[in-house]
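Okay, so here's the structure we're looking at.
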Amino acid sequence: MHEMSIAMAVVGQVEEAAQAAGATAVRSIRLQVGELAGVVPDSLAFCFELACSGTVLEGAELLTESVPGRARCGPCADEWAVGMPPELCCPVCGAAAAELLAGRELQIAGVCWEEGPVPAPTRERIPEER
Amino acid sequence: MCRVVDLQQAVLAKNDICAHELRAELAARGTIVVNLLSSPGSGKTALLEQELLLARRRGLPVAALTADLATENDAVRLARSGVPVKQVLTDGLCHLEAGMLGAHLEDWLPEDTRLLFVENVGNLVCPASYDLGESLRVALASVTEGEDKPLKYPTAFGLAQLVVVTKMDIAEAVGFDEAAFRANVQQVNPGVEVVLTSARSGAGAGLLLDRAAAVADGAEAHLPVMAHRTDAHHSHHGGGELHSHEGGLLHAHPNAQDGDGHSHAHAAGAATTARAHRP
Ligand SMILES: Nc1nc2c(ncn2[C@@H]2O[C@H](COP(=O)(O)OP(=O)(O)O)[C@@H](O)[C@H]2O)c(=O)[nH]1
Ligand SMILES: [Mg+2]
Ligand SMILES: [Zn+2]
């Protein structure tokens, strides 16, 4: 089960980015998981929770977005959902797909984090002005 | 203050970078890696024993590294061929990663090695996601595993550059349907070559070695549809992911917030969230 390795990689990457940005707590992470990425979302969610504990990601929510596999045919330019198990020969003309357009993503799309006590001049100035 | 940040990082970017570097480093010294993937018991070690012995007879400098969760039996078997063999105990880890492989090659891999065979951990799911810097990826299945194996493990078979059927000596006894197997392989990986072997009878002996040697000599290996993709790994050169290919996987992304092409998204995201999260 490599979901633990994947979860740890996600946590590690977000941790590093959070640290560099001075974020103090990560609230949520959007992760795109392709149908053909070879990752089981449920087991990833389970591992993610474990991997977060004791880090700046503790308690963060993992929002996984499943990305369906899509392929394109060269000769007839047909595009189709490959399904599972995937059909990588063109349903129209039978040729091998020219390319897989989507479906192998394993990508941290975005995060939402707290950036800590920002030295916010507006917040301090307002009481003084009153 | 909660801030939405558009990171756009491939989770396996670190491994992919490592793999690219290892492939280039090895290519520069004339070595290619052959990555062997299968379920436990498919016959990787048995086939490899035979191919290593053949290579030695042909005077082709080869070496083998075998990964196992806990035992050293495979290395002992492979070492009988007389070629350099190294055992890697993954200590429970279900797959090899490029960085681990690279570290194991230092101080071990003989300089003149042409082909390095890597017997990956017996598992068709996890190792499939990790590029090891190989130039030829081989998925194996024995005749006893069912014709639908490629459909059950589409990522492993879909990314293979060569498919090897093992234990053909018992194909008839177990009623192996070769045509059905081939059709299933073609469904997930059109155009990939399927070869039939038996370490026991010697059928197909040398085929794996021939294919690997051809790639080492510059022949183009099969490019699977699944590997030929336009997703994040390849289309974002010049975008967020380019940073990671330059080495500093994460260094660049903090800058991305105030600097480069991501800035609009960030600004917008930050504003929206700031509003949403204000008490
Ligand atoms: N009949 C038959 N059995 C084989 C063959 N190759 C391997 N085996 C048997 O299959 C089992 C697993 O083989 P092994 O090489 O250890 O598989 P690995 O786990 O993929 O390395 C062993 O009992 C082997 O003797 C073959 O060509 N024919
Ligand atoms: Mg073995
Ligand atoms: Zn078509």
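Is at least one residue of segment A:38-58 in contact with a Cys (Cβ under 8 Å, 6 or more places away or on another chain), in a loop (DSSP other than H, G, I, E, B) and more than 9 Å from chain B (Cβ to nearest Cβ)? Yes, segment A:38-58 contains a residue that is in contact with a Cys (Cβ under 8 Å, 6 or more places away or on another chain), in a loop (DSSP other than H, G, I, E, B) and more than 9 Å from chain B (Cβ to nearest Cβ). Screening A:VAL40 on (1) under 20 Å from B:LEU159 (Cβ atoms); (2) among the aliphatic types (A, V, I, L, M); (3) modelled with pLDDT under 95; (4) within 13 Å of ligand 3 (Cβ to nearest atom) shows it passes everything except condition (4).
Taking the criterion of being open to solvent by 50 Å² or more (accessible area, probe 1.4 Å) and in a helix (DSSP H, G or I), the residues of segment B:62-78 that qualify are B:ASN73, B:VAL76, B:ARG77.
Each row is one residue, and each column tells you yes or no for (1) touching a residue at least 60 places away in the same chain (Cβ under 8 Å); (2) in contact with a Pro (Cβ under 8 Å, 6 or more places away or on another chain); (3) under 24 Å from B:VAL225 (Cβ atoms); (4) aromatic (Phe, Trp, Tyr).
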{"residue": "B:TRP108", "(1), (2), (3), (4)": "no, yes, no, yes"}
{"residue": "B:LEU124", "(1), (2), (3), (4)": "yes, no, yes, no"}
{"residue": "B:GLU134", "(1), (2), (3), (4)": "yes, no, yes, no"}
{"residue": "B:ASP148", "(1), (2), (3), (4)": "no, no, yes, no"}
{"residue": "B:PHE157", "(1), (2), (3), (4)": "no, yes, yes, yes"}
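What about B:GLY82, is it in a helix (DSSP H, G or I), surrounded by fewer than 20 Cβ atoms within 10 Å (Cβ to Cβ) and away from chain A (no Cβ under 11 Å)? Against the criterion (in a helix (DSSP H, G or I), surrounded by fewer than 20 Cβ atoms within 10 Å (Cβ to Cβ) and away from chain A (no Cβ under 11 Å)), B:GLY82 does not qualify.
Please determine, by comparing only the residues of segment B:126-170 that are open to solvent by 10 Å² or more (accessible area, probe 1.4 Å) and among the small types (Gly, Ala, Ser), which one is modelled with the lowest pLDDT. Checked segment B:126-170; the qualifying residue modelled with the lowest pLDDT is B:SER129. One residue stands out in segment A:65-118 among those that are charged (D, E, K, R) and closer than 30 Å to A:MET8 by Cβ: the one that is most open to solvent (accessible area, probe 1.4 Å), namely A:ARG70. When segment B:107-125 is filtered for residues that are touching a Phe, Trp or Tyr at 6+ places or on another chain (Cβ under 8 Å) and open to solvent by 20 Å² or more (accessible area, probe 1.4 Å), only B:VAL125 remains. The residues of segment A:14-37 that are surrounded by 22 or more Cβ atoms within 10 Å (Cβ to Cβ) and outside any strand (DSSP E or B), listed by number, are A:VAL14, A:ALA17, A:ALA18, A:ALA23, A:GLU35, A:LEU36, A:ALA37. Summed over segment B:24-52, residues that are assigned to a helix (DSSP H, G or I), away from ligand 1 (no atom under 16 Å from the Cβ) and surrounded by 24 or more Cβ atoms within 10 Å (Cβ to Cβ) total 0.
Put simply, of B:ALA10, B:ALA79, B:ALA75, B:ALA64 the only residue that is away from ligand 2 (no atom under 12 Å from the Cβ), of a type in the set (A, V, I, L, M) and over 30 Å from A:VAL14 (Cα atoms) is B:ALA79. Residues in segment B:135-173 that are among the small types (Gly, Ala, Ser), touching a Lys or Arg at 6+ places or on another chain (Cβ under 6 Å) and within 12 Å of ligand 1 (Cβ to nearest atom): 2 in all.
The test for being of a type in the set (Gly, Ala, Ser), within 14 Å of chain A (Cβ to nearest Cβ) and away from ligand 1 (no atom under 14 Å from the Cβ) does not hold for B:ALA55. Going through (1) at pLDDT 95 or above; (2) within 16 Å of ligand 2 (Cβ to nearest atom); (3) touching a His at 6+ places or on another chain (Cβ under 8 Å); (4) not hydroxyl-bearing (Ser, Thr, Tyr) one by one, B:HIS95 falls short only on (1).
The values are calculated or read from the model by the stated rules, or taken from the named source; none is laboratory data. What you see is a predicted model, and the numbers here were worked out from it, not measured in a lab. In this analysis, Cβ positions are derived from the backbone assuming ideal geometry, glycine residues included, and neighbour counts consider all displayed protein chains. The area values use the complete protein model at the heavy-atom level, side chains included, leaving out ligands, DNA and RNA. Shrake-Rupley method; radii C 1.70, N 1.55, O 1.52, S 1.80 Å.
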